[in-house]
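First up is the structure itself, then whatever we jot down about it.
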Amino acid sequence: MNPQLDKDGNLRHLLEIEGLGRDRVVQILDTAESLLPLTERAVKKLPLLRGRTVVNLFYEPSPRTRMTFELAAKRLSADVLNLDVDHSSARKGESLLDTLRNLEAMHMDMLVIRHPDSGAAHFFATHADPQVTVLNAGDGSHAHPTQALLDMFTIRQHKPDFAALTVAIVGDIAHSRVARSQIAALRLLGTGEIRVIAPHTLLPADIDRLGVKVFTDIDHGLRDADVVITLRLQRERMQGADLPGSQEYFRHYGVSSERLALASPDAIVMHPGPINRGVEIASDVADGPQSVILQQVTNGIAVRMAVMALTMGGERTAAQEPGT
Amino acid sequence: MSQGERIAITGGRLIDPHHAIDDSLDLFIDGEHICGIETPPAGFSADREIDATGLWVIPGLIELGANLPDDQPEALARHTRTAAAGGITTLCLAPDMQPCLDGPASIELVHARAQRHGCVRLVTLGALTRELAGEQLSELGALREAGCVGVSNGRQPVTDTRIMRRAMEYAASHELSVFVHARDPWLTAGGCVHEGELSTRLGLPGIPAAAETIAVARELALAELTGAQLHFCRLSTAESVDMVRRARASGLAVSADVAIHHLLLSDSDIEPFDSRYRIDPPLRSSADREALLAGLVDGVISAVCSDHRPVSRDARQQPFPAAGAGIAGLHTLLALMLGLVHEGHLTPADLVRLASTSPAQLLGLPQGQLGNGQVADLCLLDPLQPWTPCEANSAEHCALGSPFHNTPLRGRVIHTFVGGQEVYSQT
């Protein structure tokens, strides 16, 4: 029972990486690759989603993710509606179900949802009308599948043989939906070795059962890694019971150029953004020759276009419309 | 039903562990009381005869964990009706409801309303502290006079150890048992599933087993210090069972119960983000589940309940972490326990002991047995009748009320009697 697939096995929603299967992930990456040149042309539009309405419903502020979803939808010629909701006031007001019903009454076709509760995207997909597609733009600590897909896309551009790779993910694994989706995607693609590096306060229980090697010492964890993914450390975690302070964190878990030298010489450095310079990553690494952080942003648009096209059957629609 | 009816129940299998009976015996009721087992009293003529061939005749179940949202007549009528259909003849109400059961007025009111609008018996646990805030003791003497059968702080932990000590001492002075939900408030806060592989996979805030065992350790130490009669409600972890086992072996007056769903499900059964599995305490690991079953068999855990805690439809229809926690359980308790009998984990006598005889003893009630002269609270059931529980027969009126909805079960109540009056009949 996979709510993401319809009865014929086609992609209906994108809620998480689990359950997609390797072939579908590769299909999404291949589709994104075919769309990438478009984003560099002067006229950047395709008519695949012409006349369709995409709603970006964000219960957490995330300007970058929202912008790339918006751009992706617009480049596929969809009409886009952005709805930013203050979660703390939303809790007292309209229920999620009422919000959904109202958007359905406006005949939206696709809902891009960001919400602080794990499972919120499943919730919308479970309750939405059959013709509505739900894309998860990040739910709690659970999943951020388009981010993981754009990360796989970026890795594949540089290092296509996943079986030969050692990928190290550094930072707040416990609260990171990005890390969970990355681990799932890396496993589907047959990655040689997946490592997570963090103090125990930022590692969730039984994380090793997800098929990763656990390191609390970053110098050991980075050794000979081909891909180094740094995670954003949320401000509220920097001081308190999880960590004593951001300086101490940088000293022991920040990715500096000295530490990066322990990794493979041609290792690439990634970050989902936005960056806390001098907290999880040094400026000279973020801006250095091994960094692919800005490529991730560019790729994000193509990957989100691919997901939108595949979930809405956009290719079919385009083929049926003569003259486009 | 008319009062003062004389009823003969013939041909049934009578199961009463208190009197060590498990045999095909007739049972006779005169008015409120049982007036004969095997043979009727001299001159008895039945107004009504029930052929119980193929049925079990057992004392009515006593639900230790009835959590109702409020004391409104409609709610009392609906939940007691569901209880009767589930073979339950006494509900023990938890104090965490609206209004909080922390004074004689609210307790007398709910008793009076239950008498008037309910169809099964209702007893109450009074609040250990005022408004369950854990700061000031409730008037335990007055609560006892108002009819409370024990005291509890419900699901709100008394965080201040000194106050918990005094509360136990004061409860012991009034000979009231203290019913505790063992939980460390800080390790429980925000959690919604057992901490482990599942919580990590789904990115859901976890509640470690230690959240329970830390509190079990504290309450055991305080019981030893104060001499209070301590009962743990809804234990969920293997380590807690071991701790209670050791405490009992050392002579401490401590008992424990478990919710039926913790005996049947573990966190690996949770359908991702399905809010029917949002249960408090959370479903634990399969090793915990097995340890709870073992605790039943060796007697460390002396009672099983449904931990009935309905959640409104609106509160259910939320993303998993925001959804209300609880399970509608009155309608499925008996059939789920029969499942454990059918699978060979329990004998029929164990079922009656765990769900009726022993809860009655824990609450100091005369029920839970079928002796001559006893109040006629009993249930007749067909242990094999197949049925599928659903929204319509739960008290929650919500399809999301239980993970057991739409699961085929075997064993169903045919008649329920409270004080000799038929309060439920399948036909």
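The values are calculated or read from the model by the stated rules, or taken from the named source; none is laboratory data. Quantities reported herein were computed from a predicted structural model and do not represent experimental measurements. We place every Cβ from the backbone using ideal geometry, glycine too, and count neighbours over all the protein chains shown. Note: accessible area is taken over every heavy atom of the protein model, side chains too, but ligands, DNA and RNA are not part of it. Shrake-Rupley method; radii C 1.70, N 1.55, O 1.52, S 1.80 Å.
Inside region B:324-361, can you point out the residues that are in contact with a strand residue (DSSP E or B) (Cβ under 6 Å, 6 or more places away or on another chain) and of a type in the set (A, V, I, L, M, F, W, C)?
At the first step, the residues of region B:324-361 found to be in contact with a strand residue (DSSP E or B) (Cβ under 6 Å, 6 or more places away or on another chain) are B:329-330, B:335, B:338, B:348-349, B:352, B:354-356, B:358-360.
Across region B:324-361, the qualifying residues are B:Leu330, B:Ala335, B:Leu338, B:Ala349, B:Val352, B:Leu354, B:Ala355, B:Ala360.
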>> Among the residues of region A:54-76, are any closer than 23 Å to B:Gly191 by Cα and either surrounded by 20 or more Cβ atoms within 10 Å (Cβ to Cβ) or within 14 Å of another protein chain (Cβ to nearest Cβ) (or both)?
In response: yes
>> Any residue at all in region B:101-117 that's open to solvent by less than 10 Å² (accessible area, probe 1.4 Å) and of a type in the set (Gly, Ala, Ser)?
In response: yes
>> Just to be sure before I move on: is B:Ala167 open to solvent by less than 10 Å² (accessible area, probe 1.4 Å), within 14 Å of chain A (Cβ to nearest Cβ) and either in a loop (DSSP other than H, G, I, E, B) or at pLDDT 95 or above (or both) in the structure I sent?
In response: no
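For region A:212-219, state whether one or more residues are under 30 Å from A:Met67 (Cα atoms), in contact with an Asp or Glu (Cβ under 6 Å, 6 or more places away or on another chain), within 14 Å of chain B (Cβ to nearest Cβ) and not hydroxyl-bearing (Ser, Thr, Tyr). Give the steps one after another, and end with the answer.
Applying the first criterion (under 30 Å from A:Met67 (Cα atoms)) to region A:212-219 yields none.
The answer is no; no qualifying residue exists.
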> Applying the selection to region B:170-194, what residues are assigned to a loop (DSSP other than H, G, I, E, B) and touching a Leu at 6+ places or on another chain (Cβ under 9 Å)?
Replying inline: B:His174, B:Leu176, B:Ser177, B:Ala182, B:Gly191, B:Cys192
> Within region B:303-324, which residues are within 14 Å of chain A (Cβ to nearest Cβ), under 20 Å from B:Pro272 (Cα atoms) and open to solvent by 10 Å² or more (accessible area, probe 1.4 Å)?
Replying inline: B:Arg313, B:Asp314, B:Ala315, B:Gln317, B:Gln318, B:Pro321, B:Ala322, B:Gly324
>> Restricting to region A:91-113, give me the number of residues that are surrounded by 15 or more Cβ atoms within 10 Å (Cβ to Cβ), out of contact with any Pro (no Cβ under 9 Å at 6 or more places or on another chain) and within 16 Å of A:Phe58 (Cβ to Cβ).
In response: 8
>> So for region A:41-64 (the condition being in contact (Cβ under 8 Å) with a residue 40 or more places away in the chain, hydroxyl-bearing (Ser, Thr, Tyr), outside any loop (DSSP other than H, G, I, E, B) and more than 13 Å from A:Thr311 (Cα to Cα)), does at least one residue qualify?
In response: yes
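From the list B:Gly326, B:Gly339, which one is of a type in the set (Gly, Ala, Ser) and in a loop (DSSP other than H, G, I, E, B)? Give the steps one after another, and end with the answer.
Details: B:Gly339 fails: in a loop (DSSP other than H, G, I, E, B).
Of the residues listed, the single one that is of a type in the set (Gly, Ala, Ser) and in a loop (DSSP other than H, G, I, E, B) is B:Gly326.
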> What are the residues in region B:382-427 that are modelled with pLDDT of 95 or more and acidic (Asp, Glu), if any?
Replying inline: B:Asp382, B:Glu422
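Hey, among B:Glu224, B:Glu212, B:Glu239, which residue is assigned to a helix (DSSP H, G or I), of a type outside the set (A, V, I, L, M) and more than 30 Å from B:Pro272 (Cα to Cα)?
Working: B:Glu212 fails: more than 30 Å from B:Pro272 (Cα to Cα); B:Glu239 fails: more than 30 Å from B:Pro272 (Cα to Cα).
Going through B:Glu224, B:Glu212, B:Glu239 in turn, just one is assigned to a helix (DSSP H, G or I), of a type outside the set (A, V, I, L, M) and more than 30 Å from B:Pro272 (Cα to Cα): B:Glu224.
Would you confirm, using the coordinates I've provided, whether A:Ala168 is more than 13 Å from chain B (Cβ to nearest Cβ), open to solvent by less than 30 Å² (accessible area, probe 1.4 Å) and not basic (Lys, Arg)? Walk me through it before giving the result.
Values: more than 13 Å from chain B (Cβ to nearest Cβ): yes; open to solvent by less than 30 Å² (accessible area, probe 1.4 Å): yes; not basic (Lys, Arg): yes.
Spelling it out, A:Ala168 is indeed more than 13 Å from chain B (Cβ to nearest Cβ), open to solvent by less than 30 Å² (accessible area, probe 1.4 Å) and not basic (Lys, Arg).
What are the residues in region B:354-368 that are of a type in the set (S, T, N, Q) and surrounded by fewer than 21 Cβ atoms within 10 Å (Cβ to Cβ), if any? Walk me through it before giving the result.
Going residue by residue through region B:354-368, those that are of a type in the set (S, T, N, Q) are B:356-358, B:361, B:367.
The one that is of a type in the set (S, T, N, Q) and surrounded by fewer than 21 Cβ atoms within 10 Å (Cβ to Cβ): B:Gln361.
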>> Restricting to region A:112-162, name every residue that is within 14 Å of another protein chain (Cβ to nearest Cβ) and of a type in the set (A, V, I, L, M, F, W, C).
In response: A:Ile113, A:Ala120, A:Ala121, A:Phe123, A:Phe124, A:Ala125, A:Ala128, A:Val134, A:Ala143, A:Ala148
>> If I ask for residues that are open to solvent by less than 50 Å² (accessible area, probe 1.4 Å), under 30 Å from B:Ala142 (Cβ atoms) and not hydroxyl-bearing (Ser, Thr, Tyr), which ones from region B:175-214 would you list?
In response: B:Leu176, B:Val178, B:Phe179, B:Val180, B:His181, B:Ala182, B:Arg183, B:Pro185
> Looking at region B:267-302, which of its residues are away from chain A (no Cβ under 14 Å) and in a loop (DSSP other than H, G, I, E, B)?
Replying inline: B:Ile279, B:Asp280, B:Pro281, B:Leu283, B:Asp298, B:Gly299, B:Val300, B:Ile301, B:Ser302
> Which of (1) charged (D, E, K, R); (2) in contact (Cβ under 8 Å) with a residue 24 or more places away in the chain; (3) closer than 30 Å to B:Ser285 by Cα is the odd one out, the single condition A:Arg209 does not satisfy?
Replying inline: (2)
> Looking at (1) surrounded by fewer than 18 Cβ atoms within 10 Å (Cβ to Cβ); (2) touching a residue at least 24 places away in the same chain (Cβ under 8 Å), which is the one condition that is false for B:Leu336?
Replying inline: (1)
> Looking at region A:274-289, which of its residues are free of Cβ contacts under 8 Å to residues at least 60 places away in the same chain and either touching a helix residue (DSSP H, G or I) at 6+ places or on another chain (Cβ under 8 Å) or open to solvent by less than 20 Å² (accessible area, probe 1.4 Å) (or both)?
Replying inline: A:Ile275, A:Asn276, A:Arg277, A:Gly278, A:Val279, A:Ile281, A:Ala282, A:Asp284, A:Val285, A:Ala286, A:Gly288
> Only one residue in A:Ala179, A:Ala174, A:Ala185 is part of a helix (DSSP H, G or I), out of contact with any strand residue (DSSP E or B) (no Cβ under 7 Å at 6 or more places or on another chain) and either within 14 Å of chain B (Cβ to nearest Cβ) or open to solvent by less than 40 Å² (accessible area, probe 1.4 Å) (or both). Which one?
Replying inline: A:Ala185
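Yes/no per residue for (1) more than 14 Å from B:Val178 (Cβ to Cβ); (2) in contact with a Pro (Cβ under 8 Å, 6 or more places away or on another chain):
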{"position": "B:Ala210", "(1), (2)": "yes, no"}
{"position": "B:Leu225", "(1), (2)": "no, no"}
{"position": "B:Leu230", "(1), (2)": "no, no"}
{"position": "B:Arg234", "(1), (2)": "yes, yes"}
{"position": "B:Arg245", "(1), (2)": "yes, no"}
{"position": "B:Leu252", "(1), (2)": "no, no"}
{"position": "B:Ala256", "(1), (2)": "no, no"}
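Can you pull out the strands (runs of 3 or more DSSP E) entirely within region A:78-157 that have at least 2 residues that are touching a residue at least 60 places away in the same chain (Cβ under 8 Å)? Let's see the steps before the verdict.
Details: elements: A:79-84, A:110-115, A:133-139.
Of the strands (runs of 3 or more DSSP E) lying wholly inside region A:78-157, those with at least 2 residues that are touching a residue at least 60 places away in the same chain (Cβ under 8 Å) span A:133-139.
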>> So, restricting to strands (runs of 3 or more DSSP E) that lie completely within region B:35-100, which ones have at least 2 residues that are surrounded by 16 or more Cβ atoms within 10 Å (Cβ to Cβ) and touching a strand residue (DSSP E or B) at 6+ places or on another chain (Cβ under 9 Å)?
In response: B:56-59, B:61-66, B:88-93
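Look through region B:176-198, keep the residues that are of a type in the set (Gly, Ala, Ser) and touching a residue at least 12 places away in the same chain (Cβ under 8 Å), and return whichever of them is farthest from the other protein chains (Cβ to nearest Cβ). Quick ask: steps written out before the conclusion?
Going through region B:176-198, the residues of a type in the set (Gly, Ala, Ser) turn out to be B:177, B:182, B:189-191, B:196.
Of the ones still in play, those that are also touching a residue at least 12 places away in the same chain (Cβ under 8 Å) are B:177, B:182, B:190-191, B:196.
Numbers: B:Ser177: 35, B:Ala182: 20, B:Gly190: 11, B:Gly191: 11, B:Gly196: 5 Å.
Looking at the filtered set, the residue picked out is B:Ser177.
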